[in-house]
Amino acid sequence: MEILIIDKRHLHAAAKQLLKHFADKKIFAFYGPMGAGKTTIIKAICESLGAVDIVSSPTFTLVNEYKTSSHETLFHIDFFRIKKQEEVYDFGIEEYLTGDSYCFMEWPELIEDLLPPETINVRISVDNNEQRILSIS
């Protein structure tokens, strides 16, 4: 499946399309180069889910937790600063991957072998017109 994001005005529509298509899934891994828009897309998804907290990059905190208007919890994890896979056990990665909450991950390459089989992989590429293409598997 592919979703095209022509510009920022189309972010929320793309987020809703992704959530609708994978309505029964809660674990999402986002791949893409620096500046591709991983955090921006995750922000749109969290807002579509009703996040009442400000959604921002967890690059320095590693994990951000957001609440929704319906009192659900959303997790946003950024593995960019992780150097060794063992580090993810220190903050309890297993709980995020096996819980009932949504979990959105940036830079998951280091922990791919820990991801559950039902993880939705979202690969973001940027074309010559600065449009984002989400290739989802």
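Read-outs throughout are calculated quantities, based only on the coordinates presented, and are distinct from any laboratory measurement. Please read all numbers here as calculations on a predicted model, not as lab measurements. No Cβ is skipped: glycine too gets one built from the backbone with ideal geometry, and neighbour counts run over all protein chains shown.
General remarks:
- Estimated inter-spin distance, T98 and S56, nm [label 7 Å along Cα→Cβ]: 3.3
- Value at 222 nm in deg cm²/dmol, rounded to 500, when DSSP H runs of n ≥ 4 in the chain each add -39,500 (n - 2.57): -6500 deg cm²/dmol
- Over 29 Å between alpha carbons, listed pairs K8/K84; K20/K84; K38/K84: K8/K84; K20/K84
- Cut-off 19 Å, label 7 Å out along Cα→Cβ of M1, residues of the stretch 99-137 by amide N: 101-106, 116-125, 132-137
- Antiparallel %, DSSP beta bridges [both residues in the chain], to 5: 55
- Karplus-derived 3J(HN,Hα) values for the stretch 131-137, using 6.51 cos²θ - 1.76 cosθ + 1.60 with θ = phi - 60°, are 7, 9, 10, 9, 9, 10, 9 Hz; glycine and proline are entered as x.
- Spin-label pair E87/L114, simplified geometry with 7 Å Cα→Cβ offset, distance in nm: 1.1
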